[in-house]
Amino acid sequence: MHILVFNCGSSSIKYRLFDMQDERIIMSGLIEKIGQPDASHTQNGKQCPIHAPDHASAMADLCDHILRNKHDIAAVGHRVVHGGETFKSAIRITPDIERTIEQLGAFAPLHNPHNLSGIRAAQKNFPKAVHVAVFDTAFHQTAPPHAYLYALPYAFYEQDHMRRYGFHGTSHRYVSQRAALLLGHPFTGITCHLGNGCSITAIQNGQSIDTSMGFTPLEGVPMGTRSGNTDPALVLNLARRFGIDETDQLLNRKSGLLGLSGLSNDLRALQHAAESGHQLAALSLDVFAYHIRKHIGAYLAVLGHADAIVFTGGIGENSIDMRSRILKNLDGLGIQLDPDRNTQHTGTEGFISTPTSPIKLLVIPTDEERLIARDTHQLILAM
Ligand code: ADP
């Protein structure tokens with residue numbers, strides 16, 4: 001059975017076509033800069049310029065291209081960022097489900113509308129396929145109220161659904177399932193998704209019990225351009241001075257590594273700059289590592305016991321230096337990084353802890369699209 005997976009962002013469409021017999025990827029690619037004159041389509045490492053004025057036309061051309069190569073697509077799995085409290089697992093998309101995803105756009109205005117336009121365009125081009133939504137928030141729906149509630153008047157939760165939702169759920173679920181296989185038992189521990197967006201999750205027996213992102217992906221540790229946690233009064237102060245929209249931009253797009261360093265949101269660029277003596281680049285790396293380390297400490301207390309800590313995402317999978325900054329001198333907590341093993345894993349799966357470390361350390365490249373394909377496949381088999 002062939003299953004196609006779409007991940008539609010604000011200006012990009014990532015796609016993968018799987019043969020579910022052996023989960024082999026038979027086609028994959030990325031369309032970027034939709035709506036811009038330099039839009040491009042990268043497939044098999046080759047980038048070609050394309051005309052993509054909007055999502056619908058990019059999707060129509062892409063589906064055409066896919067259909068020319070493969071006709072028998074049984075199902076399409078779609079990444080949807082916000083599933084609110086309604087969606088706790090993957091679901092077949094019906095007109096009712098589509099409406100709910102649209103309503104949830106109020107919580108994720110930068111994401112759900114793009115996810116939805118991808119769904120609509122794909123439905124048009126693959127009318128016979130079953131379409132399935134897989135939500136970033138779903139994995140965290142097992143968190144208990146004491147973890148997901150803010151200490152605000154309860155009515156804001158009851159009436160306005162203001163609570164912590166958490167994101168990157170498909171990535172945290174994928175790497176925790178993979179870790180369970182490598183460890184040989186259900187996963188209890190911490191998963192660190194460190195990319196442009198960053199989140200840390202506490203997982204007990206395979207279930208998320210807390211995660212660092214909250215009502216929006218702005219909460220938690222510092223990220224490429226997002227501030228992560230700040231004092232809410234500081235946000236009020238900024239909003240009074242600059243207005244709501246400017247403050248929104250400031251916290252979401254001009255903060256984090258970029259804001260602190262004044263240089264870049266890209267960790268590699270900051271590491272190079274720090275090595276050449278750029279002090280704010282060095283400081284931004286210190287702040288980033290410190291907050292992640294602090295979150296790991298908090299989740300060790302939340303869990304009471306952890307078998308392993310997993311690193312994933314562009315930074316978690318690749319940065320030897322950032323992993324060692326985060327994990328330095330944690331022997332007292334039962335965490336022993338093996339410096340040699342650490343250097344052996346850039347983008348490859350494996351253990352990076354010493355053989356005797358009470359808490360194992362793992363690098364696991366994430367694969368959200370594969371998990372979306374699996375969820376979609378399982379739904380079809382159960383139909
Ligand atoms: P996104 O959240 O946009 O998917 P990624 O998961 O690709 O982002 O992560 C992007 C981050 O990963 C960037 O900060 C980039 O510098 C960092 N990164 C990628 N490769 C490496 C590497 N080899 N060493 C250090 N950092 C890396």
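The values are calculated or read from the model by the stated rules, or taken from the named source; none is laboratory data. Model, not experiment: these values are computed from the prediction. Cβ sites come from the backbone with ideal geometry, for glycine too, and all protein chains shown count toward neighbours.
Checking residue 51 against (1) assigned to a loop (DSSP other than H, G, I, E, B); (2) surrounded by 12 or more Cβ atoms within 10 Å (Cβ to Cβ); (3) of a type outside the set (Phe, Trp, Tyr), only one condition comes out false. Which one? Of everything listed in (1) assigned to a loop (DSSP other than H, G, I, E, B); (2) surrounded by 12 or more Cβ atoms within 10 Å (Cβ to Cβ); (3) of a type outside the set (Phe, Trp, Tyr), residue 51 misses just condition (2).
Apart from one condition, residue 343 fits all of (1) away from the ligand (no atom under 15 Å from the Cβ); (2) part of a helix (DSSP H, G or I); (3) surrounded by fewer than 24 Cβ atoms within 10 Å (Cβ to Cβ); (4) not hydrophobic (A, V, I, L, M, F, W, C); the exception is (1). Every listed requirement among (1) away from the ligand (no atom under 13 Å from the Cβ); (2) among the polar types (S, T, N, Q); (3) under 28 Å from residue 185 (Cβ atoms) is met by residue 276 save one, (3). Residues in the range 290-311 that are outside any helix (DSSP H, G or I) and under 18 Å from the mean Cα position of the chain (by Cα) were compared, and the one that is farthest from the ligand (Cβ to nearest atom) is 309. From the list 287, 221, the lone residue that is within 16 Å of the ligand (Cβ to nearest atom), surrounded by 19 or more Cβ atoms within 10 Å (Cβ to Cβ) and at pLDDT 95 or above is 221.
A quick yes/no check of all residues on (1) closer than 15 Å to residue 134 by Cβ; (2) in contact with a Phe, Trp or Tyr (Cβ under 9 Å, 6 or more places away or on another chain); (3) assigned to a strand (DSSP E or B):
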{"position": "5", "(1), (2), (3)": "yes, yes, yes"}
{"position": "16", "(1), (2), (3)": "yes, yes, yes"}
{"position": "21", "(1), (2), (3)": "no, no, no"}
{"position": "26", "(1), (2), (3)": "no, yes, yes"}
{"position": "29", "(1), (2), (3)": "no, yes, yes"}
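Scanning the range 115-125 for residues that are farther than 11 Å from residue 78 by Cα and either touching a Gly at 6+ places or on another chain (Cβ under 6 Å) or among the charged types (D, E, K, R) (or both) gives a single hit, 124.
In the set (1) within 30 Å of residue 93 (Cβ to Cβ); (2) within 16 Å of the ligand (Cβ to nearest atom); (3) surrounded by 22 or more Cβ atoms within 10 Å (Cβ to Cβ), residue 314 fails one condition alone, (3). The listed residues are 140, 146, 161, and the only one of them that is at pLDDT 95 or above, crowded, with 22+ Cβ neighbours inside 10 Å and not acidic (Asp, Glu) turns out to be 140. Sort out which residues of the range 236-252 are within 16 Å of residue 110 (Cβ to Cβ) and either touching a Pro at 6+ places or on another chain (Cβ under 7 Å) or away from the ligand (no atom under 15 Å from the Cβ) (or both), and write them in order of number. 244, 245, 247, 248, 249, 250, 251, listed by residue number.
Would it be correct to say that residue 233 is farther than 24 Å from residue 108 by Cβ, touching a strand residue (DSSP E or B) at 6+ places or on another chain (Cβ under 7 Å), more than 16 Å from the ligand (Cβ to nearest atom) and assigned to a helix (DSSP H, G or I)? Criteria not met by residue 233. A single entry from 79, 24, 68 fulfils the requirement of being modelled with pLDDT of 95 or more and surrounded by fewer than 20 Cβ atoms within 10 Å (Cβ to Cβ): 24. Selection of helices (runs of 4 or more DSSP H) fully inside the range 95-189 by the criterion of at least 2 residues being touching a strand residue (DSSP E or B) at 6+ places or on another chain (Cβ under 8 Å) and either under 30 Å from residue 71 (Cβ atoms) or hydroxyl-bearing (Ser, Thr, Tyr) (or both) returns 95-103, 112-125, 169-183. Of 182, 152, all but one fail to be surrounded by 15 or more Cβ atoms within 10 Å (Cβ to Cβ), away from the ligand (no atom under 16 Å from the Cβ) and more than 30 Å from residue 35 (Cβ to Cβ); the exception is 182. Considering 251, 238, 257, the condition of being closer than 20 Å to residue 293 by Cα, assigned to a helix (DSSP H, G or I) and in contact (Cβ under 8 Å) with a residue 12 or more places away in the chain is satisfied by 257 alone. Taking the range 253-262 as the range and being away from the ligand (no atom under 12 Å from the Cβ) and within 24 Å of residue 318 (Cβ to Cβ) as the test, the residues that pass are 253, 255, 259, 260, 262.
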